Amino acid sequence: MNHYLQIQEIINKSRESGEQIIQQILISNQPSDVECEVSVQPYKSLFNKGFHFLIVLKPVNMQSHSDKIHTWSRAVQKMAHDIKTPLSTVSLNLKVLQIRLEKIQLSETEKNELSDDIKMMRTELDHIQTMTKNFLKFSNLDKPHFQAFNINPIIEEARSKFQPYLNADLSIEISIDKDVKPVWADPQQIEMVFTILFENSLAAMHGKGLINVNVSTVQYLANIFSESIEVEVADTGPGINEEDKKRIFEPYFSTKSEGTGMGLAIAKKIINDNGGSIEVHSKPNFGAVFSFFDTFDEGRRK
């Protein structure tokens, strides 16, 4: 039955009974149907002549953002646990292989080439294992463990994870003002934010470009007695169009065919949980700038 006719039937029932009627219907909406809950509340008009109706349609069986994050977290947690064991096995076998190669009669050139190949494989494995550990940690969406820390080592640690990919054509530069004070937040979570932003920027630049990280102290007119830290992560990638910018922090939204659509959603949640805010400024062909802000006000988080 046409959903308009179904709604009309519910209105008729409400008018006849004089009571609120709540009923679920299926609304045809290409490419998929949507199940909705229809609520019809009758109100008698002035002088009891006829009815007015308050009609509310509410989609059902649609996950909220938090539900989506929870579902994704459980899936990633299982996946991370499943791949930990084979990763450890491969890593161990690479170490054994390297020891065996040292005992084989090879020229110095051959040894160096094989050693470089094994080193690269181990570096990649270490990177995957680190990502697995980070996803296991954040799939639980832990509450921040606040402490004071200098932000420079955190950024350097995040950059070091991508060192094998950096070269003369692809680099990450860091600039931190001298007056920047220690940050009051969760250092591991803030490092994860930088890791997510670096990974997104590097993927967008396809092997050639620059990521510029700038950290400074700012004061806002709304509260001139409170200092804040402003972090900008800018890249020279292709930029983000207006439609994608509106959804860039939504769970499961990704412009990459192989993307999970969760990286920036997690980054936003981390920044918000740590008392800050994050935003993006970009347009096509002019790169992207992700800015996040936090205060030094330790007292408000105790």
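Things to note:
- Largest to smallest accessible area among 192, 120 [probe 1.4 Å]: 120, 192
- Highest to lowest packing among 82-89, 266-273, scored as the average C-beta count within 10 Å: 266-273, 82-89
- The distance linking the stretch 225-255 with the stretch 163-206 is 14 Å (Cα centroid to Cα centroid, whole angstrom).
- Only protein heavy atoms count here; on that basis, with a 1.4 Å probe, residue 245 has an accessible area of about 50 Å².
- Per-residue accessible area (protein heavy atoms, 1.4 Å probe) orders 159, 122 as 122, 159, starting from the largest.
- Extension gain for residue 206-residue 113 works out to 30.8 nm (0.36 nm per residue, less the C-alpha to C-alpha distance).
- Cross-link pairs beyond the 32 Å C-alpha cut-off, checked among 84/246; 119/268; 143/245; 78/178; 95/269: 84/246; 119/268; 78/178; 95/269
- Reachable lysines, given that their alpha-carbon falls under 16 Å from the alpha-carbon of residue 44 and they are not under 8 places away in the same chain: 13
- The stretch 138-190 shape via C-alpha gyration tensor axes, a/c threshold 1.5: oblate
The values are calculated or read from the model by the stated rules, or taken from the named source; none is laboratory data. Bear in mind that the values here come from a model prediction, so they are computed numbers and not experimental data. Note: ideal-geometry Cβ built from the backbone for every residue, glycine included; neighbour counts use all protein chains shown. Areas reflect the complete protein model, heavy atoms only, side chains present, ligands, DNA and RNA absent. Shrake-Rupley method; radii C 1.70, N 1.55, O 1.52, S 1.80 Å.
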